[in-house]
1. Sum -39500 (n - 2.57) across every DSSP H segment of at least 4 residues in the chain, then divide by the residue count to get the 222 nm mean residue ellipticity, nearest 500.
2. Leaving out ligands, DNA and RNA, what percent of the accessible area of the stretch 14-134 is carbon and sulfur, probe 1.4 Å?
3. Can you tell me the relative contact order of the chain? Whole percent, Cα pairs under 8 Å, sequence separation 6 or more.
4. Could you work out how far helix 77-93 tilts from the main Cα principal axis of the chain, as a 0 to 90 degree angle to the nearest 10?
5. Please list 18-26, 84-92, 171-179, 99-107 highest first by mean number of surrounding beta-carbon atoms within 10 Å per residue.
6. Evaluate the charge dipole of the chain about its Cα centre and quote only its size in Debye, nearest 20, assuming +1 on the Cβ of each Lys and Arg and -1 on the Cβ of each Asp and Glu.
7. When the Kirkwood radius is taken over all Cα pairs of the stretch 91-181, what Stokes-Einstein diffusion coefficient follows at 4 °C and 1.567 mPa s, in µm²/s?
8. Let me make sure I get this right: for the stretch 125-175, a, b and c are the square roots of the gyration tensor eigenvalues over alpha carbons, sorted descending. Under 1.5 in a/c it's rounded, otherwise prolate if a/b > b/c, else oblate. Which is it?
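The values are calculated or read from the model by the stated rules, or taken from the named source; none is laboratory data. In this text the structure is predicted, and so the values were computed from the model without any measurement. Methodologically, a virtual Cβ is constructed for each residue, glycine included, from the backbone with ideal geometry; neighbour enumeration extends over all protein chains shown. We work out accessible area using only protein heavy atoms, side chains counted, and drop any ligands, DNA or RNA first. Shrake-Rupley method; radii C 1.70, N 1.55, O 1.52, S 1.80 Å.
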Amino acid sequence: MTDPRIDRVINKDLTVIFDLDGTLVDTAPDLLAALNHTLADILDKPIELDQMRALVGLGSAALIRDALDYFKVPYSQEDEDRLREAFIATYVDNVAVHSKLFPGLDTLLPRYSQAGARLGICTTKLRAPSVKLLDALGVLDHFPTVVGRDTFDYNKPDPRTLLSTIEQAGGDPARTVYLGDSITDVKTAKAANIPCILVSFGYTAMPVETLGGDIIIDHFDELDEAIDKLLS
């Protein structure tokens, strides 16, 4: 049974915006498979999962660049564009083979939705594969607002990206929290003056404790208390 104090926080006045990769969904295995398929003729050996987790977070173009830079492979802008297109095509066709929600979300998302909280996605992923992924995982109905890097003419860490997501969700910035896992998420939230909750299990090359989030959670069972601390 939920603490009545928490019931006053998780309600129709609350808006919760999630980053996608590494925050809501563990997408690294499918991203890794698509990346290794795309770079199979270029790299001497496949990229490992632990290496992949440090590369995710800034979109497909940055992912390709970071992977090539990481393995010291020379490339041109033409190479980057070609590889990015091939990566996206492969990934979109296999977006939910091994990806899964992080623990606790299977019960948290229905509870928040039933309480009337507004839920949204603000990601550097393209919108179409984001929607496809959420649908495949059975949670798209919880997210009437899905903002990808191609939704607006600006993107994270531009604060307008998060503020526009909140506006689309019909939320009040004063009653909104943003969940992420990277320095980009922190910069976005701080620029928008929105409290930022970081997950400790996400994708970041830097220790999560150094990123500057307002609260760090190790499991989504801790989210109620974190929101209560930030908004009450």
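1. Numbers: 10 runs with 98 residues, N = 232.
Roughly -12500 deg cm²/dmol at 222 nm, from the helical runs in the chain.
2. Details: 2740 of 5330 Å².
Whole-percent figure for carbon plus sulfur exposure: 51.
3. 28
4. 60
5. Final packing ranking: 18-26, 171-179, 84-92, 99-107.
6. So the dipole magnitude of the chain works out to roughly 480 debye.
7. Working: Rh = 13.9 Å.
It diffuses with D of about 93 µm²/s by this estimate.
8. Details: a/c = 2.95, a/b = 1.34, b/c = 2.21.
Oblate, because a/c is 1.5 or more while a/b does not exceed b/c.
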